[in-house]
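Enquirer: I'd like to ask you about the structure that follows.
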Amino acid sequence: DVKVTQSSRYLVKRTGEKVFLECVQDMDHENMFWYRQDPGLGLRLIYFSYDVKMKEKGDIPEGYSVSREKKERFSLILESASTNQTSMYLCASSLSVGAGGIYEQYFGPGTRLTVT
Amino acid sequence: KQEVTQIPAALSVPEGENLVLNCSFTDSAIYNLQWFRQDPGKGLTSLLLIQSSQREQTSGRLNASLDKSSGRSTLYIAASQPGDSATYLCAVSPPELSFGAGTTVTVRA
(Lines give C-alpha, C1' and ligand atoms only; values in the text may rest on other atoms or scores of the structure.)
Protein backbone atom coordinates (compact mmCIF):
# COMPACT_ATOMS: atom_id res chain seq x y z
CA ASP A 1 0.00 0.00 0.00
CA VAL A 2 1.08 3.51 -0.74
CA LYS A 3 1.86 5.43 2.37
CA VAL A 4 2.00 9.19 2.66
CA THR A 5 2.93 10.52 6.07
CA GLN A 6 2.90 14.04 7.44
CA SER A 7 5.10 15.16 10.29
CA SER A 8 2.36 16.40 12.61
CA ARG A 9 -1.40 15.90 12.95
CA TYR A 10 -1.87 19.09 14.97
CA LEU A 11 0.35 22.14 15.19
CA VAL A 12 -0.04 25.45 17.01
CA LYS A 13 2.25 28.34 16.08
CA ARG A 14 2.45 32.05 16.79
CA THR A 15 2.10 34.82 14.24
CA GLY A 16 5.42 35.57 12.57
CA GLU A 17 6.98 32.17 13.24
CA LYS A 18 8.58 30.18 10.45
CA VAL A 19 6.71 26.89 10.07
CA PHE A 20 7.82 23.70 8.37
CA LEU A 21 5.37 21.00 7.33
CA GLU A 22 6.96 17.76 6.17
CA CYS A 23 5.55 15.11 3.89
CA VAL A 24 7.12 11.75 3.05
CA GLN A 25 5.93 9.10 0.59
CA ASP A 26 7.31 5.59 0.29
CA MET A 27 6.27 4.60 -3.23
CA ASP A 28 8.87 6.36 -5.37
CA HIS A 29 6.25 8.72 -6.82
CA GLU A 30 7.47 11.49 -9.08
CA ASN A 31 4.73 13.97 -8.20
CA MET A 32 3.99 15.54 -4.85
CA PHE A 33 1.43 18.16 -3.92
CA TRP A 34 0.46 20.46 -1.08
CA TYR A 35 -3.17 21.56 -0.60
CA ARG A 36 -5.01 23.49 2.03
CA GLN A 37 -8.61 22.78 2.91
CA ASP A 38 -10.95 25.35 4.41
CA PRO A 39 -14.69 25.19 5.12
CA GLY A 40 -16.66 26.58 2.22
CA LEU A 41 -13.58 26.86 -0.01
CA GLY A 42 -12.74 23.19 -0.51
CA LEU A 43 -9.24 21.99 -1.41
CA ARG A 44 -6.92 24.46 -3.04
CA LEU A 45 -3.54 23.65 -4.50
CA ILE A 46 -0.63 25.58 -3.01
CA TYR A 47 2.42 24.07 -4.73
CA PHE A 48 3.35 20.90 -6.53
CA SER A 49 6.50 19.21 -7.71
CA TYR A 50 7.12 16.89 -10.66
CA ASP A 51 10.66 15.99 -9.75
CA VAL A 52 13.45 16.57 -7.27
CA LYS A 53 14.38 20.24 -6.94
CA MET A 54 11.49 21.16 -9.20
CA LYS A 55 8.44 23.14 -8.06
CA GLU A 56 5.41 24.78 -9.60
CA LYS A 57 3.00 27.27 -8.11
CA GLY A 58 -0.57 26.21 -7.63
CA ASP A 59 -3.60 28.41 -7.16
CA ILE A 60 -2.63 30.05 -3.86
CA PRO A 61 1.19 30.13 -3.43
CA GLU A 62 1.39 33.51 -1.70
CA GLY A 63 2.95 33.29 1.74
CA TYR A 64 4.29 29.78 1.14
CA SER A 65 7.42 28.18 -0.27
CA VAL A 66 8.42 24.55 -0.80
CA SER A 67 11.48 22.38 -0.90
CA ARG A 68 12.08 19.04 -2.57
CA GLU A 69 15.66 17.92 -2.04
CA LYS A 70 14.86 14.21 -2.13
CA LYS A 71 12.29 12.37 -4.20
CA GLU A 72 10.39 11.02 -1.20
CA ARG A 73 10.15 14.27 0.77
CA PHE A 74 8.26 17.47 0.03
CA SER A 75 8.29 20.30 2.56
CA LEU A 76 5.91 23.23 2.83
CA ILE A 77 7.32 26.35 4.47
CA LEU A 78 5.39 29.26 5.90
CA GLU A 79 8.01 31.98 5.99
CA SER A 80 6.12 34.16 8.49
CA ALA A 81 2.95 32.52 9.71
CA SER A 82 -0.22 34.59 9.79
CA THR A 83 -3.64 33.88 11.28
CA ASN A 84 -5.18 33.52 7.81
CA GLN A 85 -2.95 30.50 7.29
CA THR A 86 -4.84 28.59 9.96
CA SER A 87 -6.10 25.61 8.01
CA MET A 88 -5.92 21.89 7.33
CA TYR A 89 -2.90 21.10 5.14
CA LEU A 90 -2.93 17.98 3.01
CA CYS A 91 -0.04 16.42 1.15
CA ALA A 92 -0.45 14.02 -1.77
CA SER A 93 1.70 12.05 -4.19
CA SER A 94 1.20 10.25 -7.47
CA LEU A 95 2.97 8.57 -10.34
CA SER A 96 3.27 10.32 -13.67
CA VAL A 97 1.80 9.19 -16.94
CA GLY A 98 2.79 10.45 -20.33
CA ALA A 99 2.23 13.94 -21.69
CA GLY A 100 2.28 15.57 -18.27
CA GLY A 101 -0.66 13.67 -16.87
CA ILE A 102 -0.84 12.26 -13.39
CA TYR A 103 -2.14 9.01 -12.10
CA GLU A 104 -4.06 8.29 -8.94
CA GLN A 105 -3.28 10.66 -6.07
CA TYR A 106 -2.73 9.36 -2.57
CA PHE A 107 -3.18 11.64 0.40
CA GLY A 108 -1.62 11.91 3.82
CA PRO A 109 -3.68 12.26 7.01
CA GLY A 110 -3.39 16.04 7.09
CA THR A 111 -1.92 18.58 9.49
CA ARG A 112 -4.29 20.94 11.25
CA LEU A 113 -2.34 24.15 11.75
CA THR A 114 -3.53 26.87 14.09
CA VAL A 115 -1.75 30.23 14.03
CA THR A 116 -2.47 32.45 17.02
CA LYS B 1 -9.62 27.33 -15.50
CA GLN B 2 -11.32 24.05 -14.69
CA GLU B 3 -14.31 24.36 -12.36
CA VAL B 4 -15.77 21.36 -10.61
CA THR B 5 -19.24 21.36 -9.07
CA GLN B 6 -20.85 18.77 -6.85
CA ILE B 7 -24.56 18.54 -6.26
CA PRO B 8 -26.12 18.13 -3.77
CA ALA B 9 -23.94 19.64 -1.07
CA ALA B 10 -25.50 17.34 1.52
CA LEU B 11 -27.58 14.21 1.45
CA SER B 12 -29.31 12.20 4.17
CA VAL B 13 -30.77 8.76 3.44
CA PRO B 14 -32.01 5.76 5.42
CA GLU B 15 -29.82 2.70 5.55
CA GLY B 16 -30.21 0.42 2.54
CA GLU B 17 -31.08 3.15 0.07
CA ASN B 18 -28.88 3.66 -2.99
CA LEU B 19 -26.83 6.85 -3.14
CA VAL B 20 -26.32 8.96 -6.26
CA LEU B 21 -23.68 11.69 -6.13
CA ASN B 22 -23.13 14.06 -9.02
CA CYS B 23 -20.04 15.85 -10.26
CA SER B 24 -19.76 18.23 -13.20
CA PHE B 25 -16.73 19.93 -14.73
CA THR B 26 -16.38 22.73 -17.24
CA ASP B 27 -13.43 21.60 -19.38
CA SER B 28 -13.87 18.20 -21.01
CA ALA B 29 -10.14 17.91 -21.84
CA ILE B 30 -9.32 15.80 -18.80
CA TYR B 31 -6.82 12.96 -18.21
CA ASN B 32 -8.80 11.33 -15.47
CA LEU B 33 -11.40 11.83 -12.78
CA GLN B 34 -10.98 10.62 -9.24
CA TRP B 35 -13.53 10.09 -6.45
CA PHE B 36 -12.39 10.42 -2.84
CA ARG B 37 -13.91 9.86 0.56
CA GLN B 38 -13.05 12.08 3.54
CA ASP B 39 -14.00 11.38 7.13
CA PRO B 40 -14.20 14.34 9.53
CA GLY B 41 -10.75 15.70 10.41
CA LYS B 42 -8.99 13.13 8.26
CA GLY B 43 -7.18 12.98 4.96
CA LEU B 44 -8.64 11.81 1.65
CA THR B 45 -9.03 8.17 0.67
CA SER B 46 -9.10 7.37 -3.03
CA LEU B 47 -12.17 5.36 -4.01
CA LEU B 48 -12.12 5.16 -7.79
CA LEU B 49 -10.14 6.60 -10.66
CA ILE B 50 -11.60 6.76 -14.17
CA GLN B 51 -9.25 7.35 -17.06
CA SER B 52 -10.50 9.72 -19.77
CA SER B 53 -10.90 6.81 -22.20
CA GLN B 54 -13.13 4.86 -19.80
CA ARG B 55 -16.88 5.15 -19.26
CA GLU B 56 -17.08 3.63 -15.80
CA GLN B 57 -15.25 1.93 -12.96
CA THR B 58 -16.55 -0.39 -10.28
CA SER B 59 -15.29 -1.40 -6.87
CA GLY B 60 -17.57 -3.46 -4.66
CA ARG B 61 -20.73 -1.45 -3.97
CA LEU B 62 -19.29 1.60 -5.73
CA ASN B 63 -19.74 2.42 -9.39
CA ALA B 64 -18.59 5.62 -11.05
CA SER B 65 -19.50 6.71 -14.55
CA LEU B 66 -17.88 9.33 -16.74
CA ASP B 67 -19.35 11.26 -19.65
CA LYS B 68 -16.56 13.52 -20.85
CA SER B 69 -18.55 15.16 -23.62
CA SER B 70 -21.14 16.46 -21.19
CA GLY B 71 -18.64 17.09 -18.40
CA ARG B 72 -20.31 14.81 -15.87
CA SER B 73 -19.53 11.96 -13.53
CA THR B 74 -21.83 10.09 -11.17
CA LEU B 75 -20.88 8.00 -8.18
CA TYR B 76 -23.38 5.30 -7.21
CA ILE B 77 -23.19 3.60 -3.84
CA ALA B 78 -25.49 0.60 -3.59
CA ALA B 79 -27.29 -0.47 -0.42
CA SER B 80 -25.90 2.32 1.75
CA GLN B 81 -24.67 1.63 5.29
CA PRO B 82 -24.07 3.97 8.25
CA GLY B 83 -20.34 3.47 7.66
CA ASP B 84 -20.74 5.20 4.30
CA SER B 85 -21.39 8.48 6.11
CA ALA B 86 -18.61 10.84 5.00
CA THR B 87 -17.87 13.63 2.56
CA TYR B 88 -17.32 12.53 -1.01
CA LEU B 89 -15.16 14.62 -3.30
CA CYS B 90 -14.54 14.40 -7.01
CA ALA B 91 -11.48 15.81 -8.71
CA VAL B 92 -10.35 16.08 -12.31
CA SER B 93 -6.87 16.24 -13.77
CA PRO B 94 -5.01 17.75 -15.99
CA PRO B 95 -2.44 17.79 -14.82
CA GLU B 96 -2.91 18.61 -11.14
CA LEU B 97 -6.27 18.02 -9.51
CA SER B 98 -9.17 20.47 -9.41
CA PHE B 99 -11.60 19.56 -6.65
CA GLY B 100 -15.29 19.97 -6.14
CA ALA B 101 -16.56 21.18 -2.77
CA GLY B 102 -17.91 17.73 -1.91
CA THR B 103 -21.17 16.08 -0.96
CA THR B 104 -21.64 15.28 2.72
CA VAL B 105 -23.55 12.04 3.11
CA THR B 106 -25.36 10.87 6.22
CA VAL B 107 -26.78 7.35 6.26
CA ARG B 108 -29.35 6.92 9.04
CA ALA B 109 -29.53 3.57 10.80
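The values are calculated or read from the model by the stated rules, or taken from the named source; none is laboratory data. Because the structure is a prediction, the values reported are computed rather than measured. Note that we place each Cβ from the backbone using ideal geometry, even for glycine, and neighbour counts take in every protein chain shown.
Enquirer: Kindly list the number of the only condition in (1) farther than 19 Å from residue A:10 by Cβ; (2) within 13 Å of chain B (Cβ to nearest Cβ) that fails for residue A:34.
Expert: With respect to (1) farther than 19 Å from residue A:10 by Cβ; (2) within 13 Å of chain B (Cβ to nearest Cβ), residue A:34 is out only on (1).
Enquirer: Kindly indicate the residue of segment A:48-67 that is assigned to a strand (DSSP E or B) and in contact with a Lys or Arg (Cβ under 6 Å, 6 or more places away or on another chain) and also farthest from residue A:115 (Cα to Cα) among those meeting that condition.
Expert: A:49
Enquirer: Ok, one more. Just wondering, is there one or more residues in segment B:77-89 that are touching a Leu at 6+ places or on another chain (Cβ under 9 Å), touching a residue at least 60 places away in the same chain (Cβ under 8 Å) and buried (at least 22 other Cβ atoms within 10 Å of the Cβ)?
Expert: Yes, segment B:77-89 contains a residue that is touching a Leu at 6+ places or on another chain (Cβ under 9 Å), touching a residue at least 60 places away in the same chain (Cβ under 8 Å) and buried (at least 22 other Cβ atoms within 10 Å of the Cβ).
Enquirer: Would you please name the residue that is farthest from the chain's Cα centre (by Cα), looking only at residues in segment A:42-79 that are small (Gly, Ala, Ser) and within 11 Å of chain B (Cβ to nearest Cβ)?
Expert: The extreme case among them is A:42.
Enquirer: Which residue out of A:36, A:44 is at pLDDT 95 or above and of a type in the set (D, E, K, R)?
Expert: Selected residue: A:36, the only one of A:36, A:44 that is at pLDDT 95 or above and of a type in the set (D, E, K, R).
Enquirer: I need a count of the residues in segment B:42-61 that are more than 20 Å from residue A:88 (Cβ to Cβ) and either surrounded by 14 or more Cβ atoms within 10 Å (Cβ to Cβ) or in contact (Cβ under 8 Å) with a residue 12 or more places away in the chain (or both).
Expert: Count: 11.
Enquirer: Could you give me the residue pairs with C-beta distances under 6 Å whose first residue belongs to segment A:11-34 and is among the hydrophobic types (A, V, I, L, M, F, W, C), whose second residue is part of a strand (DSSP E or B) and exposed (fewer than 12 other Cβ atoms within 10 Å of the Cβ) wherever it lies, and which are 6+ apart or on separate chains?
Expert: If the second residue must be part of a strand (DSSP E or B) and exposed (fewer than 12 other Cβ atoms within 10 Å of the Cβ), no pairs are left.
Enquirer: State all residues of segment B:90-109 that are over 11 Å from the mean Cα position of the chain (by Cα), within 12 Å of another protein chain (Cβ to nearest Cβ), part of a loop (DSSP other than H, G, I, E, B) and touching a residue at least 24 places away in the same chain (Cβ under 8 Å); if no residue qualifies, say none.
Expert: The answer is B:94, B:95, B:97.
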